[in-house]
Amino acid sequence: MKIFVYHTPELTPTDSIPDCAIVVDVLRATTTIATALNAGAEAVQVFSDIDELMEVSEKWPADKRLRVGERGGQKVPGCDLGNSPLNCTPEVVEGKRLFMTTTNGTRALQTVQNAPVVITSALVNRRTVVEYLMTTKPETIWIVASGWEGSFSLEDTACAGAIIHSLCSEMGYPIDHLGGNDEVFGAVALYYQWQNQLYKLMNTASHGQRLVRLESYDDLKYCADTDIVTVLPIQSQPGVL
Ligand code: 3SL
């Protein structure tokens with residue numbers, strides 16, 4: 001097993017694919033995906049383009065769909081929901097397919113959607129992702145952080161570190177046994193530094209600051225919670241989890 005971390009979709013190689021790709025967008029797309037599926041959503045189908053989302057979702061029964069759209073942290077007009085994971089209660093999402101577009105997370109997913117296994121992780125479902133990796137032992141694993149419009153984001157890399165730290169501890173491996181690129185060591189060091197103050201990390205991160213300006217305080221708190229849902233969002237067909 002070898003793990004590689006990529007800080008943004010733009011830094012992710014395009015000339016090869018891993019056995020397993022893990023997409024991370026802690027604030028907030030992959031936290032929302034895990035929460036929605038855990039609350040009984042039928043599936044989450046992702047789009048980078050809002051017009052395509054509208055066209056495809058139009059063909060789905062209206063009482064079985066929810067359109068989730070975010071740009072710049074705010075709900076896209078015409079969508080049912082923005083990207084707050086706290087919207088995704090069983091009362092709202094159970095039995096429904098979420099048609100979702102977000103600024104960075106859905107784009108990151110599309111970057112690796114041709115890998116044989118694509119899963120999403122956030123801190124909320126980190127433990128379940130680690131258990132899946134321990135059971136299936138993929139030979140090459142890429143953790144693809146969504147970042148923000150091509151830039152590094154603190155919270156996604158810390159989540160990558162949280163996954164690798166837990167996997168190494170559980171399997172009894174030193175990090176250099178699994179680490180495939182320098183970013184792996186950086187991610188684990190970042191997680192070590194912040195592991196007891198992840199809510200503070202969310203507030204320190206530049207995208208966290210953006211969400212603070214939008215008064216999404218409860219979202220930041222929830223996205224910092226670790227190992228609270230036991231769901232494995234796994235791609236069943238390109239773009240559908
Ligand atoms: O960029 C994304 O994909 C979103 O998760 C951003 S936000 O947290 O919904 O603003």
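Every test in (1) out of contact with any Lys or Arg (no Cβ under 7 Å at 6 or more places or on another chain); (2) within 16 Å of the ligand (Cβ to nearest atom) is passed by residue 219 save one, and that test is (1). Cβ-Cβ contacts under 9 Å between residues 6 or more apart (or on different chains), taken from a first residue in region 145-157 that is on the phi > 0 side of the Ramachandran plot and part of a loop (DSSP other than H, G, I, E, B) to a second residue that is within 10 Å of the ligand (Cβ to nearest atom) and of a type in the set (A, V, I, L, M, F, W, C), are listed as 147/108.
Listed conditions (1) within 14 Å of the ligand (Cβ to nearest atom); (2) surrounded by fewer than 23 Cβ atoms within 10 Å (Cβ to Cβ); (3) more than 25 Å from residue 7 (Cβ to Cβ) are all met by residue 77, apart from (1).
Region 167-239 holds helices (runs of 4 or more DSSP H) entirely within its bounds, and those carrying 1 or more residues that are hydroxyl-bearing (Ser, Thr, Tyr) map to 182-194, 198-204, 206-213, 217-224.
Scanning region 49-57 turns up one or more residues that are within 16 Å of the ligand (Cβ to nearest atom) and buried (at least 19 other Cβ atoms within 10 Å of the Cβ). Here region 16-44 is the region considered, the condition is being within 16 Å of residue 163 (Cβ to Cβ) and part of a helix (DSSP H, G or I), and the residue that is farthest from the ligand (Cβ to nearest atom) is 34. Can you work out which of the residues in region 13-47 that are among the hydroxyl-bearing types (Ser, Thr, Tyr) and surrounded by fewer than 18 Cβ atoms within 10 Å (Cβ to Cβ) is farthest from residue 92 (Cα to Cα)? Looking at residues that are among the hydroxyl-bearing types (Ser, Thr, Tyr) and surrounded by fewer than 18 Cβ atoms within 10 Å (Cβ to Cβ), I get 16. Of all residues in region 89-121, those that are near the ligand (Cβ under 10 Å from one of its atoms) and out of contact with any Leu (no Cβ under 7 Å at 6 or more places or on another chain) total 9. Residues of region 147-168 include none that is within 11 Å of the ligand (Cβ to nearest atom) and of a type in the set (A, V, I, L, M).
Bear in mind that the values in this text are calculations on the coordinates, not laboratory data. Values in this document were obtained by computation on a predicted structure and should not be read as measured data. With ideal geometry, Cβ positions are generated from the backbone for all residues, glycine too; neighbour counts draw on all protein chains shown.
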